[in-house]
Amino acid sequence: MTKENSQLRDNDKEEDLNKTEDFLDPSPVYDLPMDPKPVHDVPIDRGWAWVILFSTFTIGIFVIGGIKSFGVLLMEFARVYQVSKSQLTIIQSITGFFFMSLSPFSNWLCEHYTHQKVIFVGGLLASLGLILSSFAPSIEFMYFTYGILTGFGFGLSFPPSVVICTRQFNKRRGMANGINMAGSAMGGICVPILMQVLIDQFGLKGCMLILGSVMAHICPCALLLRPAHKYPLVIRGAVELSSNGQPMKGTQKYSDKKDSILIESCKKKKEIECGNVENEVRVQLIKQHSPLMSRKHHKVSESSSLGASIAGISSISLSYQNIPKELSKMDALSLTESDLEHKKSNKCYEFFQNLNFSLFKRPSFCLLMVAFFFLAYSYHSIFIILPSYGLERGLSTYQSMFLIPAFGGVDVIGRLTAGFINDKCVVWRKQIFIVYAILHGIGYLFIPVFSDFTGILAWCTAFGIFTGGFNGTFVIMIVDCVGIDMLPSAWGFTCLFVSVSFLLNPVFSGGLTDLSGSWTTAIQVGGSFALFSASLLIIETIITRGSRMNAKNTQKKKVEYDNT
């Protein structure tokens, strides 16, 4: 047996020698292939995924609550600054535009600096903008503080939170997305009431100052968004290395279900202990930053007969030979300083390369974006119009303010219900979404029928169910259309397109009101846009079904041709 083993070992030496050119001594080298894009054991539908859902739910309360509560501030701005409604609504136009248009940029930042860091910075900017707004001497100063700074903070906070929450769930994605979006509706309940109480107690400036400190709570929520690289690394297609077959205490295990490599990394000493049949070797890993693609490589020092080297960042080689005390190899994938400077100077190119523009070749996705544009315009109008419309109908300030929390409370129920239905009726998701959009548009047109507080409150109760239904399904529709892998780009493009409606809506609604003298005209326009978006969704469904039927017929004909 020993002779046969020695012959097999000699054959292995000859084969490995032909494949390896990095070592001077012709000893056997065993390559452990590593995926250049590491896969981490991120918990899906379990564990920390629910903590991330709670975090994004809370972020939605603060961000969307601040967006929806502008109607309460609009009444106070009009009293303090004595300017036209079109001038006041410019603030919300700027805030809403940055809130949505920064989605592609914020998602790109998250790919490079993690969701945790980007949303943390967004929380700081949102808080700073509101605090500075408390010192605003004029409405023009508010354009910069509340409009740009706070809007920029909201844009860095909310869109990435939707993406990371959607990625954490698969089987329960519909329910998780409904709960996440319910946080946005919950913000529409809590924040307007908080704003009105603060305005009554401390005035407009005191309200903005305290509200800025409240928005700072986005930062601790961001810290709960654990990055993917914090989870154990899964390395596919490698051999198993262990320390005498027993894991060390305080070690991290990196393994796959199939053939895998088990790396045991001691937290204190940062060592890997590897064992073989003849002797035992201790290898110390020294982490060192690598300029190559902002990744890390390791210096490996050996203390007896096992050597190691890092070839670029794509493979690890182990050899039974003596090598220098420290070896750091970056020869295989090294970059010169001029190459690095060239890469750094092309950040814009890298950003645009990260965006998947091939999505615009899909007619279904393009129609979906246009439909979302008009739906977003219609939905966003409610929170600008409703308080002022209540004052126009003779309601008191508190009654007008109470309409938004009442609408938001039913909106929460609608979103949670939609999330549950989406998980149970996967095949009919799009049809259910279209029904919600149609009922939303019809209900919008019925607002002018009611003139007293009881009637408008009853309308809010019924209308919120339909509005929450399609709002709780937005992201699911995008995932069903393009897939989960393309969600960051698709969600970014959709938010960028919708941001134009956020930019135009307040100014357009305020201008129509100044011209007609009533908010009724703006309400009718919003309802018409909602019905138009529903018609686009119906057209998109017909086109998608037609393309699927053509694909099936083509495939069927091809199979028949192959059989003949």
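We did not get these values from a lab; they are worked out from the coordinates using the rules stated. Every value quoted in this text rests on a predicted model; they were computed, and no experiment measured them. FYI the Cβ positions are ideal-geometry reconstructions off the backbone, even for glycines, and counts take in every protein chain you see.
The table for this structure:
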{"item": "Prolate/oblate/rounded call for segment 38-155, Cα gyration tensor, a/c under 1.5 rounded", "result": "prolate"}
{"item": "Net lengthening on full extension, residue 450/residue 427 (0.36 nm per residue, minus Cα-Cα)", "result": "4.5 nm"}
{"item": "Cα-derived Rg over Rh, computed across segment 350-402 with Rh taken as Kirkwood radius", "result": "1.36"}
{"item": "Most to least packed among 124-130, 391-397 [average Cβ atoms within 10 Å]", "result": "124-130, 391-397"}
{"item": "Simple label model, 7 Å out from Cα along Cβ direction - residue 50 to residue 397, nm", "result": "4.4 nm"}
{"item": "Charge context of residue 186, other residues only, Cβ under 10 angstrom, K/R +1, D/E -1", "result": "0"}
{"item": "For segment 425-535: relative contact order, % (alpha-carbon pairs under 8 angstrom, 6 or more apart)", "result": "44 percent"}
{"item": "Prolate/oblate/rounded call for segment 64-116, Cα gyration tensor, a/c under 1.5 rounded", "result": "prolate"}
{"item": "Under 14 Å, Cβ to Cβ, from residue 165 - net charge with Lys/Arg +1 and Asp/Glu -1", "result": "+4"}
{"item": "Cβ crowding within 10 Å averaged over residues, with 162-174, 85-97, 537-549 ranked highest first", "result": "85-97, 162-174, 537-549"}
{"item": "For residue 146, net neighbour charge (Lys/Arg +1, Asp/Glu -1) across residues whose Cβ lies under 13 Å away", "result": "-1"}
{"item": "Length released on extending from residue 520 to residue 549, taking residue separation times 0.36 nm less the Cα-Cα span", "result": "6.0 nm"}
